[in-house]
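The values are calculated or read from the model by the stated rules, or taken from the named source; none is laboratory data. Owing to the predicted nature of the structure, the values given are computational and were not obtained by experimental measurement. Positions of Cβ are generated from backbone atoms using ideal geometry, with glycine treated the same way; all protein chains shown enter the neighbour counts. Calculation scope for accessible area: heavy atoms of the full protein, side chains included, ligands and nucleic acids excluded. Shrake-Rupley method; radii C 1.70, N 1.55, O 1.52, S 1.80 Å.
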Amino acid sequence: MPTVGYCLSGGGVRGIAHLGVMKALDEKGIKPSIIAGTSAGALMGAFYAAGFTPDEILELALKSRFLTSSNLQWRKAGFFSMRFFNRLFSIIFPKNSFESLKIPLIVNATNIITGESEYFENGELVKVLLASACVPMIFQPVEMKNSVYMDGGILDNFPVQHLIGRCDKIVGSYVNDMDIASKKISMATIIDRTFNLAINDTIYMKKQHCDMFIAPPDMMRYGIMDMKQATTIFNDGYQYAASLLTDDVVKKLAE
């Protein structure tokens with residue numbers, strides 16, 4: 001059997017669609033030997049790599065609301081503190097290391113001092129996850145390694161290049177597809193869409209490295225903090241992936 005790598009994009013609460021995608025893949029007997037993820041994709045990948053099932057991760061997300069700002073403390077600097085998530089993730093990942101995961105994981109975060117994307121796959125886990133998911137203008141930047149880090153999606157929202165040569169097949173899951181229909185949208189939606197328009201060109205180039213690219217349609221209709229839609233987002237990811245995973249497609253992934 002060929003080895004399979006998963007690449008999971010960022011996308012806030014939309015990252016829960018990755019869980020539905022992975023559940024559909026699980027049901028077809030497809031399991032990753034390595035995972036690369038950014039921001040919410042890094043979180044979903046870390047939970048999965050630790051041994052949680054997609055359904056268990058969804059339940060955890062619904063109970064703890066770790067993809068929202070509801071449990072955060074406002075700081076004078078204008079950002080929410082991530083102290084709550086630091087405590088929560090320290091409980092979920094008690095050994096706090098990449099090496100303790102059951103599946104190798106690659107996570108990227110943006111070093112806002114050097115202006116470069118950095119990639120992590122060993123050593124301390126929790127702080128790297130917090131840095132990768134640190135959405136600009138919402139969360140307080142994370143200090144580590146004598147530098148300052150924020151959301152990995154700023155420079156690389158789909159780190160597929162770090163899977164090349166490390167697995168035989170690559171499955172990409174992208175959760176920021178947007179429709180182009182004219183509609184009334186809020187300022188928050190405009191900011192969200194603007195960010196994703198800026199990175200879409202690189203996504204469409206990068207997806208060429210994937211043997212299978214799964215992008216549930218019109219995911220941008222969900223806000224990045226829209227936890228009320230979490231179960232619907234999960235089901236969207238599951239149903240769309242399941243519709244693509246025909247016997248022929250599964251056979252090609254297994255060849």
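Determine, yes or no, whether ALA61 is modelled with pLDDT of 95 or more, open to solvent by less than 70 Å² (accessible area, probe 1.4 Å), under 19 Å from the mean Cα position of the chain (by Cα) and not hydroxyl-bearing (Ser, Thr, Tyr).
No, not satisfied.
Return yes when ALA109 is among the small types (Gly, Ala, Ser), outside any helix (DSSP H, G or I), in contact with a strand residue (DSSP E or B) (Cβ under 7 Å, 6 or more places away or on another chain) and closer than 24 Å to MET22 by Cα and no when it is not.
yes
Residues PHE47, PHE52: which one is within 21 Å of ASN86 (Cβ to Cβ), open to solvent by less than 10 Å² (accessible area, probe 1.4 Å) and among the aromatic types (Phe, Trp, Tyr)?
Checking each option against the conditions leaves just PHE47.
Considering each residue of the stretch 110-146, count those that are open to solvent by less than 40 Å² (accessible area, probe 1.4 Å) and either closer than 23 Å to PHE52 by Cα or basic (Lys, Arg) (or both), and give that number.
Number satisfying all stated conditions: 11.
If GLU143 passes every condition in (1) assigned to a strand (DSSP E or B); (2) modelled with pLDDT of 95 or more but one, which one does it miss?
Only one criterion is unmet by GLU143, namely (2).
Any residue at all in the stretch 40-52 that is of a type in the set (Phe, Trp, Tyr), within 14 Å of the chain's Cα centre (by Cα) and part of a helix (DSSP H, G or I)?
Checked against the condition, which is being of a type in the set (Phe, Trp, Tyr), within 14 Å of the chain's Cα centre (by Cα) and part of a helix (DSSP H, G or I), the stretch 40-52 yields at least one hit.
Being closer than 21 Å to SER100 by Cβ and crowded, with 24+ Cβ neighbours inside 10 Å is the filter here; which residues of the stretch 25-37 pass it?
Scanning the stretch 25-37 gives PRO32, ILE35, ALA36, GLY37.
Looking at (1) over 25 Å from TYR204 (Cβ atoms); (2) in a helix (DSSP H, G or I), find the lone condition where LYS31 falls short.
(2)
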